[in-house]
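So the structure is just underneath, and the comments pick up after that.
The values are calculated or read from the model by the stated rules, or taken from the named source; none is laboratory data. Note that this is a predicted model, so its numbers are computed, not measured. For neighbour counting, all protein chains shown are included, and Cβ atoms are generated from backbone atoms with ideal geometry for every residue, glycine included.
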Amino acid sequence: MFKKRECHTLSFILVLLLAGVLSAGQWSQFRGAGGQGICDEKNLPVTWSETENVVWKTGLPGYGSSSPITLEGKIYVTCYSGYGMENKSGKMEDLTLHLVCVDGKTGRILRDTKIKPTLPESKSVRDHGYAAGTPATDGENIYVFFGKSGVLKLDKEGKEIWRIGVGTKTHGWGSGTSPILYEDLVIINASIESGELIGINRADGKEVWRSGGMDSSWNTPHLVETADGKKELAVSVKGWILGFNPKTGKELWRCKGIDDYICPSIVSKNGVLYATGGRSAKVIAVRSGGRGDVTETHKVWEVDVGSLVSSPVVYEGHLYWVSDRTQTAYCLNLSDGAIKYSERVGVRPYASAMLAEGRIYVVSRNGGTLVLAARPQFEQVALNKLEDKSTFDASTIVCDCKLILRSNENLYCIGKN
């Protein structure tokens, strides 16, 4: 018989092993592990077209701006149908939400779980539709956020386990944030629905904590590790960058931010957060770990370039992104914010950048997928276009050394032939 201490040790090792399997082989949330948009898989395609390197193409049952996730070789993605689709009639009572499960090898739809929305919804959602939040998985279950229709936990077979509302308000731009998981919590930025940041118990779907101040914030919360090894939860809102205790929802610090609505999500490196956004286009670097108003003590730098929607990526001392407003690719020094390059590329992304194998992949809305060299000298490696005329708002993900792209109408698997 094992001693109690030995059992605890074995349990701890098992948790680490499972976490390693999930992080190494799965794309488990918006922008992948840590929400950073970084992939460590190799041998990914660089160029493709309708006739080159397309492994499979699958028509989706509805539209959506959410990115897919992967679990055990399957791809999960949310959609909406029946109402609010371009050039298609329909009544609001016909609106249907979907969680679709697709076989990663063949592209065959394995399940289409239909979810009844909470009505009335916003009569018109410009650009983004009613399925903009990317799912998250803990390796056992799927967590989805459909704005006013709430947060749902489903098992891998699509069976609903629980559902909780996080607010009743709607907006003409829809709801755009995605759930993240921390310890036993699902954390939601319900800025549109209630103006609050909410922690929900993953096991039973009951609310654990709630914090206010989520003003004009369409970005997904970001977990950062501080210099002393602790975790903080950061969100960018109108006027402020905020830091919270993810266990309790207590606000720890705030730094003067961007005085506009904020869509891009925060990224971080070595405890420093990089927040961008606003129509005025700014990037602000702030050190985590402070307390109270840290504007004078922890803000590292601020520059007047940025992105309105697309989130950046960090790589080898630099910050990279493509601005949807100016259709310009940027590279900044992490240390001081110095601009290494700003080059017009002529494509407009809503999707966030993804880094893999020293390359940056940026999916544009209608102009194809841009591939850039991830180095401080501008180099356009490729611009890959498909014949699909519908909008591409989802960020690319990786499944089994292949890229997964999502448009309003189709799901694509791109791999080296």
Would you be able to say whether some residue in region 105-120 is acidic (Asp, Glu) and within 23 Å of Leu154 (Cα to Cα)?
yes
Residues being touching a residue at least 40 places away in the same chain (Cβ under 8 Å) and out of contact with any strand residue (DSSP E or B) (no Cβ under 6 Å at 6 or more places or on another chain): count how many of those fall in region 272-292.
3
When the residues of region 317-356 are narrowed to those that are in contact with a strand residue (DSSP E or B) (Cβ under 7 Å, 6 or more places away or on another chain) and among the basic types (Lys, Arg), which ends up surrounded by the most Cβ atoms within 10 Å (Cβ to Cβ)?
Lys340
I'd like to know if region 236-248 contains one or more residues that are without any contact (Cβ under 8 Å) to a residue 24 or more places away in the chain and either within 28 Å of Ile115 (Cα to Cα) or touching a His at 6+ places or on another chain (Cβ under 6 Å) (or both).
no
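For (1) within 20 Å of the chain's Cα centre (by Cα); (2) modelled with pLDDT of 90 or more, each residue gets a yes or a no:
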{"position": "Val21", "(1), (2)": "no, no"}
{"position": "Gly32", "(1), (2)": "yes, yes"}
{"position": "Gly35", "(1), (2)": "yes, yes"}
{"position": "Trp48", "(1), (2)": "no, yes"}
{"position": "Gly62", "(1), (2)": "yes, yes"}
{"position": "Pro68", "(1), (2)": "yes, yes"}
{"position": "Val77", "(1), (2)": "yes, yes"}
{"position": "Tyr80", "(1), (2)": "yes, yes"}
Count of residues meeting criterion [in contact with an Asp or Glu (Cβ under 8 Å, 6 or more places away or on another chain) and closer than 24 Å to Gly32 by Cα] in region 233-264:
7
Looking at Thr118 and the list (1) surrounded by 18 or more Cβ atoms within 10 Å (Cβ to Cβ); (2) within 26 Å of Lys169 (Cβ to Cβ); (3) hydroxyl-bearing (Ser, Thr, Tyr), which single condition is not satisfied?
(1)
Is there a residue in region 302-320 that is touching a helix residue (DSSP H, G or I) at 6+ places or on another chain (Cβ under 9 Å), in a strand (DSSP E or B) and of a type in the set (A, V, I, L, M, F, W, C)?
no
If I ask for residues that are surrounded by fewer than 21 Cβ atoms within 10 Å (Cβ to Cβ) and either in contact with a Ser or Thr (Cβ under 7 Å, 6 or more places away or on another chain) or of a type in the set (A, V, I, L, M) (or both), which ones from region 361-370 would you list?
Arg365, Asn366
Considering each of Arg325, Arg254, Arg287 in turn, give the residue that is at pLDDT below 95 and touching a Leu at 6+ places or on another chain (Cβ under 9 Å).
Arg325
Out of (1) in contact with a Lys or Arg (Cβ under 9 Å, 6 or more places away or on another chain); (2) buried (at least 24 other Cβ atoms within 10 Å of the Cβ); (3) not hydrophobic (A, V, I, L, M, F, W, C), the odd one out for Ser236 is which?
(1)
Give me the pairs, please: first residue somewhere in region 317-340 and at positive phi, second residue anywhere and exposed (fewer than 15 other Cβ atoms within 10 Å of the Cβ) and not acidic (Asp, Glu), beta-carbon distance under 8 Å, and either six or more positions apart or on two chains.
Gly317/Ser335; Gln327/Arg344; Gln327/Gly346
Of (1) farther than 25 Å from Tyr182 by Cα; (2) crowded, with 19+ Cβ neighbours inside 10 Å, Trp253 fails just (1)
Counted residues, region 244-275 - those being over 17 Å from Ser335 (Cβ atoms) and polar (S, T, N, Q)
3
Top-ranked residue in region 341-368 [being in contact (Cβ under 8 Å) with a residue 60 or more places away in the chain and not in a loop (DSSP other than H, G, I, E, B); ranked as farthest from the chain's Cα centre (by Cα)]
Arg359
